[in-house]
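Written out below as structure tokens is the structure these notes cover.
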Amino acid sequence: MRYSADAAETLALQALAWLIADEDLLGVFLGASGAGEDDLRARAQDGEFLGSVLDFLMLDDAWVMRFCDAQAIPYDRVMLARAALPGGAQVNWT
């Protein structure tokens, strides 16, 4: 299955909303990304920012599973959506 950019952005927005609802995890995201709460609103339509939300989520399998279980979607959808957003096709081997 391949995601369109629009479908990937929709899933990333769902992930962002889920992240915002979890105060503890939101704090970790803000600290790791350097984003502020104002950035969440201002950049919510930015494909690169949404990609960073999914990148963050994929740092921990437990986070992916919690998000996907809450949304009732298969676990691999986060990775597929990430590939459809800017920078998702680039492989980082570090």
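The values are calculated or read from the model by the stated rules, or taken from the named source; none is laboratory data. Computed from a prediction, not measured in an experiment: that's the story for all the values here. Every residue, glycine as well, gets a Cβ built from its backbone with ideal geometry; the counts of neighbours run over all protein chains shown. These accessible areas exclude ligands, DNA and RNA; they are computed on the full protein's heavy atoms, side chains included. Shrake-Rupley method; radii C 1.70, N 1.55, O 1.52, S 1.80 Å.
Helix-derived [θ] at 222 nm for the chain: sum -39500 (n - 2.57) over DSSP H runs of at least 4, divide by residue count, nearest 500? Please report the intermediate quantities before stating the final value.
Details: 6 runs with 64 residues, N = 94.
Roughly -20500 deg cm²/dmol at 222 nm, from the helical runs in the chain.
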All alpha-carbon distances of the chain, grouped into 10 Å bins from 0, give the whole-percent distribution 16, 54, 28, 1
Ordering 10-17, 69-76, 38-45 by per-residue average of other C-beta atoms within 10 angstrom, highest first, gives 10-17, 38-45, 69-76
Per the charge dipole of the chain (beta-carbon charges, Lys/Arg positive, Asp/Glu negative, Cα centre), the residue among Leu59, Ala17, Ala72 reaching farthest to the positive end is Ala72
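Run the accessible area of the chain with a 1.4 Å probe and give the carbon-and-sulfur part as a rounded percent. Numbers along the way, then the final one.
Details: 2960 of 5720 Å².
Solvent-exposed carbon and sulfur of the chain make up 52 percent of the total.
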Once Asp6 and Ser33 are pulled to full extension, the length gained, defined as 0.36 nm per residue separation minus their Cα-Cα distance, is 7.4 nm
Taking a probe of 1.4 Å and leaving out DNA, RNA and ligands, the chain shows per residue an accessible area in Å² of 61 Å²
Each label sits 7 Å from Cα toward the beta-carbon; between Glu48 and Gln14 the label points are separated, in nm, by 2.6 nm
Counting Lys and Arg as +1 and Asp and Glu as -1 over every other residue whose Cβ sits under 14 Å from the Cβ of Leu11, the net charge comes to -1
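Can you list which of the DSSP-assigned H helices in the chain have a Cα extent of 18 Å or more along the long axis and an average Kyte-Doolittle score of at least -1.0? Intermediate results must be reported in sequence, preceding the final value.
Numbers: long enough: 5-21 (24 Å, 1.19).
The answer, listed by residue number, is 5-21.
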